[in-house]
Amino acid sequence: MNRFKYNLTLSLAALLMAGIVTACGASSATQTEAAGHTEEDGHSEEEAGHGDEHGAEEGEPEEGPHGGRLLEEGAFALEVTIFETGVEPEYRVYPTLEGKPVDPSTVKLEVTLSRLSGKKDVFQFMPEAEYLKGNGVVAEPHSFDVAVSASHAGQSYKWAYESYEGRTTIADSVATDAGVQIEPAGPALIRERVELSGTVQLTPSATADVRAVYPGRVLRVTKTVGDTVRKGDTLAEVENSSSLQSYSVRAPISGTVLERRTNAGDVAASEPLFVIGDIGAAQAELHVFPKDAGLIKRGQNVAVQLAGGDLIVEGKIDSFLPLAEAGTQSLIARVVLPRDAGFAPGMRVTAAVDTSETQVPLAVRESGLQRFRDFTVVFAKYGETY
């Protein structure tokens, strides 16, 4: 992940609402851009609610007795709060006249939230106890332009203000110089994977033990370890001990001499004289431990990578038998490797097996996920605003 001076990794959510909410783990996470406190304040479960801005610092709007943003025109005032203790975030607005509470049933109120994406959320209000309650959830992120329209005793009132949190503006040139990467977010196929490890081995049909047809003395040996041979090439000559006639021991397959177990003057009996292997016919033998055994099946897609290296190929589980090795209690899944892949017998490999696939409507790279207060979020880009 590229480091940026604001410590943000940003993902562009094309044509989606600002501040995409991303699921993390088993529970869904919500971006918390609460309109009513600075980023340092955070959400507090102990608070009865929060206002649209705090007014403790110079230049910030005045705060009412309930901790909300105070909107005033003449003697009439509204204190706007977002209440979220034990409930989904909701607007609670307290009307007053000359500093004294007003019967909320005498006030007509509408609040419109305009988001970066162009979406507008419109709230109508009904009286409840000493306040007016909005008719919907104030969806995260709490970052929007607010328009308030109210009427009381034949008088109309309007206010407009900005309520931004978790939002910043970065010039494109600055973002480019800082190495900020922007990627589209949208539908994707999510794969669940199991990580395995193992070694490269020759396939069972890729090796051949070469024996003498008839017992006898080895007269000469023509090939040694590492030599490349073709099917039918002479490997050695043996004198038949019964007929005293010599004959050639020939390669039954094409490949490389992996082992030479005889020399001139030896007596050839039933033991192999040579082992020949087709180095290109290799497979990855992957160890599957009991906890993962129920997830692995023949035919699954798998990516095999050289341990500690960049070499990687894709294939399928060719065979998987439910027979455990006595020492490790692991089962073996085999993946046939392409002939030109560059894997050599004995190399250690790792593998990622696709055990399930799910089509999702919205996905981003994990590197784009950020912590914002108690939530996992991803930032969206609109123009030069994030």
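Just so you know, all these numbers are worked out from the coordinates, no wet-lab data involved. Just so it is clear, the model here is predicted, and its values are computed rather than measured. Here Cβ is always computed from backbone atoms with ideal geometry, including for glycine, and neighbour counts include all displayed protein chains.
Step through the table entries Lys120/Lys158; Lys291/Lys316; Lys133/Lys381, compare each Cα-Cα distance with 23 Å, and write down the pairs that go over it. Violating the 23 Å limit, Cα to Cα: Lys133/Lys381.
The protection proxy used here, the mean number of other Cβ atoms lying within 10 Å of each residue, ranks peptides 345-353, 264-272 as follows, highest first: 345-353, 264-272. Remark: spin-label model distance Ser105-Arg261 equals 10.2 nm, labels positioned 7 Å along the Cα→Cβ axis.
For the pair Lys316 and Tyr161 in one chain, pulling the backbone fully straight at 0.36 nm per residue adds 50.0 nm over the alpha carbon distance. A simple spin-label model places pseudo-atoms 7 Å from Cα toward Cβ; at Ser356 and Ser241 they are separated by 6.4 nm.
What does the extension gain come out to for Glu62 and Asp374, with contour length at 0.36 nm per residue minus their alpha carbon separation?
Values: separation 312, 0.36 × 312 = 112.32 nm, distance 2.72 nm.
Result for the pair: 109.6 nm of gain on full extension.
Look at where the Cα atoms of region 245-310 and of region 91-156 average out, and the two centres are 77 Å apart. Ordering of 224-232, 199-207 by packing is 199-207, 224-232, highest average first (other Cβ atoms within 10 Å, averaged per residue). In a fully extended conformation the segment linking Ile190 and Asn135 would gain 16.2 nm over its present Cα-Cα distance, using 0.36 nm per residue.
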